[in-house]
Amino acid sequence: MAERKPIESWLTDMDGVLIHEGVPIPGADAFLKKLRESGKPFLVLTNNSIYTPRDLHARLRRMGLDVPVENIWTSALATAKFLDDQRPGGTAYVIGEAGLTTALHDIGYILTDHEPDYVVLGETRTYSFEAMTRAVRLIKDGARFICTNPDETGPSTEGPLPATGAVAALITKASGKKPYFAGKPNPLMMRTGLNTIGAHSETSAMIGDRMDTDVLAGIEAGMQTFLVLTGLTTVEDIDRYPFRPSHVVNSIADLVDRV
């Protein structure tokens, strides 16, 4: 196997890597501090499209983690970038929250339920049956179906919650149309993120806690991959997949000296 080039930029997932249920994972602050001091390009990624980068910056700061706004990349931003490339100045019917609607406003999209170019589904705290019904009818009438991410469940202190992928399945069943998912594991999210910070996949690494999204997306984008065991994946889970991460570490604390 050819030797990999030194890592010059880092992408890391947020939940399960830097934080867990609203609490920083030990070593996360040291890792982020080392990244900022190194001057190396980096991004903190999340498939959650609810929050804007400014929202996430503030939430992380309250936890004691300093991540500049420009170093946060969400599935909402990746979705907006994709739509701006595909159909600049288009229209969309959106099911989602400020993270998604702000990203679409920022690229000049008009949000409407009148003959939109796209139906865009993202994460929200309250999925409305009325909104889902409207989405189904618009898709049947010709709107293209886009989804921020395929995650079927999301975490909460009470247990898993239905998430975007589960709602997308409902809309697909009712409309007969499958969505295009912009977020992980689609390498599009990684490549648009790398372009944003002027980095190259050959000299970049992806850190994540999930094999089916983080590691897969990193592999397909051509990056080195680090799986941490502080999230959803255990050592026993790894061999169940037909692909493997480049490295497995206990936590983000083990990577501080790699920066």
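Report the charge-dipole magnitude of the stretch 141-193 in Debye, nearest 20, computed about the Cα centre from +1 at each Lys and Arg Cβ and -1 at each Asp and Glu Cβ. Numbers along the way, then the final one.
Details: 6 positive and 4 negative charges, 62 e Å.
Here the size comes out at about 300 debye.
So how much slack lies between Arg258 and Thr157, counting 0.36 nm per residue of separation and subtracting their Cα-Cα distance, in nm? Don't jump to the answer; show the numbers that get you there.
Values: separation 101, 0.36 × 101 = 36.36 nm, distance 3.24 nm.
Between Arg258 and Thr157, full extension yields 33.1 nm more.
Please report the Cα spread of the stretch 77-206 along all three principal axes, rounded to whole Å, starting with the longest.
Each principal axis gives a Cα extent; for the stretch 77-206 these are 46, 40, 25 Å.
Where does the charge balance sit around Lys34 when Lys and Arg score +1, Asp and Glu -1, over other residues with C-beta under 15 Å from its C-beta? If you can, show how the numbers build up before the last one.
Working: positive: Lys33, Arg36, Lys40, Arg258; negative: Glu8, Asp29, Glu37, Asp66, Asp254, Asp257.
Counting the neighbours of Lys34, the net charge comes to -2.
For the pair Thr112 and Lys33, how long in nm is the line joining their label points, each one 7 Å along Cα→Cβ?
Output for this residue pair reads 5.2 nm.
Measure off 7 Å from each Cα along the Cα-to-Cβ vector at Asn250 and Arg87, then give the distance between these two points in nanometres to one decimal.
Going from the Asn250 label point to the Arg87 one covers 5.1 nm.
With +1 on the Cβ of every Lys and Arg and -1 on the Cβ of every Asp and Glu, and nothing else charged, how large is the dipole of the chain about its Cα centre, in debye rounded to the nearest 20?
360 debye
Run through every distinct alpha carbon pair of the stretch 129-230 and return the Kirkwood hydrodynamic radius in angstroms, one decimal place. All intermediate terms of the calculation are to be shown ahead of the outcome.
Details: mean 1/r = 0.0657 Å⁻¹.
Hydrodynamic radius (Kirkwood, Cα pairs) of the stretch 129-230 is 15.2 Å.
Where Lys and Arg each count +1 and Asp and Glu each count -1, what net charge lies around Asp55 among other residues with Cβ under 12 Å from its Cβ? Working shown, then result.
Values: positive: Arg54, Arg59, Arg61, Arg62; negative: Glu97.
Every neighbour counted, the sum reads +3.
Could you compute the net charge surrounding Ile146? Neighbours are other residues with a C-beta less than 13 Å from the C-beta of Ile146; K and R count +1, D and E count -1.
Details: positive: Lys81, Arg87, Arg144, Lys177, Lys178; negative: Asp84, Asp85, Asp117.
Net charge in that neighbourhood comes out at +2.
How high is the FRET efficiency between Asp237 and Arg61 when r is their beta carbon distance and R₀ equals 35 Å, given to the nearest 0.05? Don't jump to the answer; show the numbers that get you there.
Working: r = 32 Å, r/R0 = 0.93.
Plugging the Cβ-Cβ distance into 1/(1 + (r/R0)^6) gives 0.60.
Need the full-extension length gain, Arg54 to Leu170, defined as separation in residues times 0.36 nm minus the C-alpha distance. One decimal, nm.
Working: separation 116, 0.36 × 116 = 41.76 nm, distance 3.12 nm.
In short, 38.6 nm is gained.
If you look at just the Cα atoms of the stretch 156-213, how large are its Rg and its Dmax in Å?
15.4, 43
Could you state the orientation-averaged shadow area of the convex hull built on the Cα atoms of the stretch 1-134, in nm² to one decimal? Before the final figure, lay out each step's value.
Numbers: hull surface 43.5 nm².
If you wrap the Cα atoms of the stretch 1-134 in a convex hull and average its projections, you get 10.9 nm².
Which order do the peptides 84-92, 51-59 come out in when sorted by mean C-beta neighbours inside 10 angstrom, highest first? Don't skip to the end; give the middle numbers.
Values: 84-92: 15.1, 51-59: 18.1.
Answer by packing, highest mean first, reads 51-59, 84-92.
When all alpha-carbon pairs of the chain are counted, what percent fall beyond 29 Å? Walk me through the numbers before you get to the answer.
On the way: 9708 of 33411 pairs.
That tail contains 29 percent of the Cα-Cα pairs.
About the Cα centre, and with charges only on the beta carbon of Lys, Arg (+1) and Asp, Glu (-1), how big is the dipole of the stretch 144-259? Nearest 20 debye, please. Please report the intermediate quantities before stating the final value.
Working: 10 positive and 13 negative charges, 136 e Å.
For this selection, approximately 660 debye.
Considering only Asn250, Leu100, Val228, whose Cα is most displaced toward the positive end of the charge dipole of the chain, charges sitting on Cβ of Lys, Arg (+1) and Asp, Glu (-1)?
Leu100
Once label points are set 7 Å from the Cα along Cα→Cβ at both Glu3 and Lys178, what is their separation, rounded to one decimal in nm?
In this crude label model, Glu3 to Lys178 measures out at 4.2 nm.
Values in this text are rule-based calculations from the coordinates and carry no lab data. These numbers were taken from a predicted model, which means no experiment stands behind them. Here Cβ is always computed from backbone atoms with ideal geometry, including for glycine, and neighbour counts include all displayed protein chains.
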